[in-house]
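In what follows, a structure is listed as structure tokens, so that the remarks can point back to it.
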Amino acid sequence: MKLPALFSFYLICAFFSQSATAQNAQMQREYITPLRVVLTEGNVKNAEHLLKKGTGQATLNNADVCSISGKAFIILDFGSEMHGGIQIVTGMPSSQTPIPLRLCFGESVAEAMSQIGEKGATNDHGMRDYTVTVPWLGAIETGNTGFRFLKIELKDTSRTLQLREVRGISVTHPAPVLGDFYCSDSTLTKIWQTGVKTVHLCMQDYIWDGIKRDRLVWVGDMFPEMMTVLSTFGAVDVIPKSLDISRQSNPLPGWMNGISSYSLWWILLHDKWYSYTSDTVYLYEQKDYLFALLKQIMGKIDSRGREHLDGTRFLDWPSNANTDAVDAGLQALCCIVFERSEDLCRTLGNEPLAMECKKMHSKMLSTAKKTAVDFLKKNKNPLGEKQAVALLYLSGAMDSQTAVAVLEKDGAKDFSTFYGYFMIEALAKAGHYQQAMDIIKEYWGGMLAMGASTFWEDFDTEWMDGSA
């Protein structure tokens, strides 16, 4: 997952803003006792002992231990998604030879019971299915992934494992909550809380796209994440660190993450960060790269004001197969970038480039208005239509009545976890607040109804049919 991965709900968060700084923060560690035993198989005795609050200390008293022997396993539920690993504390069996165990972390019970390669289960980015060896009368700590459930399975069926404790190790950023939200609608309040938790888990050394499968800094997906961070935690250090590593690891003429639109998002991220922090010193550090990047983008615009961005042409995954939507969306996104870049260049003292951005915005917006009309006439693919329409309206290339008709059609159908942010933003800009909240409850509330404790990288409301 990206969102636990991906990214994830960040929508109501855009209505709030707070500012604070937490520099060079040390991650917080918390030990979590499992809430329930989901399943045991084979010879497992006294599993309920693992639900008692522990100390992490092995002792000579073997009265309160769970024993597992032969071909057996146990699955534990820690109650909610976390980032980190586990601590295993063992007892004192007759043999002092270390015991090999298979550990399988899962965001769901099904994942915890899966084999690598089955139903999408992987060890990509973070190991979640592997073998460890535990000591006689001791403790180990292991794991660096996202999970809620843990399966512990004996690898050597001739042995008996004595488990005194199994505790989750939750690793989170220490940023205090500065902005909060609650209302009379309990579903909206829960959606806010789950969105904040999702992003907080992804605030590790950098702002990751997800804590399990996609522990990378994806610059486009980072925009709604940053809006949640600013709205909830303030100006936390992981944002500039993530912006900087993206710049440093993607020298021009390369695009951020190899995706041209993600370089556009990098500019918009800096524009929004500066508007929240007024940190001119940090903005000046981006000057040379920003100016060169703007010139590079201008070189991809033809005389009619139509973009021809190369690299990977991308909005989000659900719209990826709809080239008409991608073309229209990129045209609109360029308009937004040049409009905001005019102010950035002027702040940085480059008036000539500011005027170039202004002219480029005017020319591209005129073309984008024609693009909007053509797109709605010829587009036959509903997937991607709402993404493109949201950007076209936010850029000023489409009127509100036309945009709202598309965005509200069939409610949350064809929404996505990444661009859902911009679809909701467009509805709010058009004054359709109730409709926006209804869609928030249908889409992100749908994940909660399916048991999510954090929001997912991808979701379709049709998945709810027949689900449990």
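Here are some notes:
- For segment 380-396, the condition of being open to solvent by less than 20 Å² (accessible area, probe 1.4 Å) and at positive phi holds for at least one residue.
- The C-beta contact set for segment 428-441 (first residue among the hydrophobic types (A, V, I, L, M, F, W, C), second residue assigned to a loop (DSSP other than H, G, I, E, B) and surrounded by fewer than 16 Cβ atoms within 10 Å (Cβ to Cβ), distance under 9 angstrom, 6+ apart or interchain) comprises MET437/ASP185; ILE439/GLY411.
- Members of segment 221-234 that are open to solvent by less than 10 Å² (accessible area, probe 1.4 Å) and within 23 Å of LYS287 (Cβ to Cβ): MET222, MET226, LEU230
- In segment 293-347, of all residues being among the aliphatic types (A, V, I, L, M) and surrounded by fewer than 19 Cβ atoms within 10 Å (Cβ to Cβ), the one that is nearest to GLY254 (Cα to Cα) corresponds to MET298.
- Of the residues making up segment 457-468, just one is surrounded by 22 or more Cβ atoms within 10 Å (Cβ to Cβ) and in contact with a helix residue (DSSP H, G or I) (Cβ under 6 Å, 6 or more places away or on another chain), namely PHE459.
- Residues in segment 42-75 that are within 18 Å of ARG167 (Cβ to Cβ), part of a loop (DSSP other than H, G, I, E, B) and open to solvent by less than 60 Å² (accessible area, probe 1.4 Å): 5 in all.
- Checked across segment 167-176, the condition of being within 29 Å of MET437 (Cα to Cα) and open to solvent by 40 Å² or more (accessible area, probe 1.4 Å) holds for at least one residue.
The values are calculated or read from the model by the stated rules, or taken from the named source; none is laboratory data. If you're wondering where the values come from, they're calculated on a predicted model, not measured in any experiment. Positions of Cβ are backbone-derived with ideal geometry, glycine not excepted, and every protein chain shown enters the neighbour counts. For the accessible areas, the whole protein counts, side chains as well, though only heavy atoms, and no ligand, DNA or RNA atoms are used. Shrake-Rupley method; radii C 1.70, N 1.55, O 1.52, S 1.80 Å.
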